[in-house]
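Novice: I'd like to ask you about the structure that follows.
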Amino acid sequence: MATLDIVIMAAGKGTRMKSARPKVLHRLAGKSLLQHVLDAVAGLAPVHTLVITGHGAETVETELRAPRLTFVRQEPQLGHRPRGAAGRAAPGQRGTTLILNGDVPLIRPATAAALAAASGGTRLALLTIELADATGYGRIVRGGDSGDAVTAIVEHKDANPAQRAIREVYTGMLAARRRGSSAR
């Protein structure tokens, strides 16, 4: 039986927002950005939902509510590297960990479900998008035997001119086989 865990990255300072308030607690349509994400994935019936907090952790942890919600503090803050954040499955139990961003309030439940399904608890699935102007985003480099396998994600600042011409970018959201589960 396959199960689902969700990890939501919510540790960032949000310096571009020019606010002391944690970025994920800024409000949109009467709810925090992070609460929108939690509401979007509630219907997926995750076994565990982990929220990685950092900047303003106490405030973030006080303001949020969701079933089976656990907070993990990232100290020091590591950006998009949730080390050890995903739960461990019982031996032989297949599972998927869905990693989302707490500052992307318009994630649709169907998109999150499709991303988890694309992993199937056996492989890595990245959520990508093609943009007319990909400036500032990590580019998806494809190649390999099939020509369409993801071979790298190259940050804009590190990209060469050919890579900067790529319009497909990584959203920072992914699904993968849960740590500790066996790939079958």
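Derivation of every value follows stated rules applied to the coordinates shown; laboratory data play no part. These numbers were taken from a predicted model, which means no experiment stands behind them. When we count neighbours, we look across all protein chains shown, and the Cβ atoms used for this are built from the backbone with ideal geometry, even at glycine.
Novice: Could you please rank Val24, Val7, Val51, placing first whichever residue has the fewest other Cβ atoms within 10 Å of its Cβ?
Specialist: Lowest to highest Cβ neighbour count: Val7, Val51, Val24.
Novice: Cross-link candidates for Lys23: which aspartates and glutamates have Cα within less than 20 Å, leaving aside residues fewer than 8 places away along the same chain?
Specialist: Asp39, Glu58, Glu61, Glu63, Glu75, Asp103
Novice: How far is it, in nm, from the label point at Phe71 to the one at Val141 when both lie 7 Å from their Cα along the line to the Cβ?
Specialist: Label-label distance for Phe71 and Val141, simple model: 3.9 nm.
Novice: Next question. May I ask what percent, to the nearest 5, of DSSP beta bridges between residues of the chain are antiparallel?
Specialist: Details: 17 of 36 bridges.
Approximately 45 percent, going by the DSSP bridge assignments.
Novice: Ok, one more. Is segment 10-49 rounded, prolate or oblate when judged by the Cα gyration tensor, a ≥ b ≥ c being the square roots of its eigenvalues, rounded requiring a/c under 1.5 and prolate requiring a/b larger than b/c?
Specialist: Oblate shape, in that a/c is at least 1.5 and b/c is the bigger or equal ratio.
Novice: Pairs of Cα atoms under 8 Å, at least six residues apart: use those to get the relative contact order of the chain, whole percent.
Specialist: 26
Novice: Mark the label point 7 Å from the Cα of Ala45 along Cα→Cβ and return the residues of segment 106-128 whose backbone N is within less than 19 Å of it.
Specialist: Backbone N within reach: 109-121.
Novice: Given 0.36 nm per residue, what is the gain on full extension from Arg123 to Val150 after removing their alpha carbon distance, in nm?
Specialist: 8.5 nm
Novice: Can you find, among Leu127, Ala176, Ala152, the residue farthest towards the positive end of the dipole of segment 107-179? Put +1 on the C-beta of Lys and Arg, -1 on that of Asp and Glu.
Specialist: The one lying farthest along the dipole's positive direction is Ala176.
Novice: Normalise the Cα radius of gyration of the chain by 2.2 N^0.38 Å (N = residues in it) and let me know the number.
Specialist: After normalising by residue count via 2.2 N^0.38 Å, the value is 1.05.
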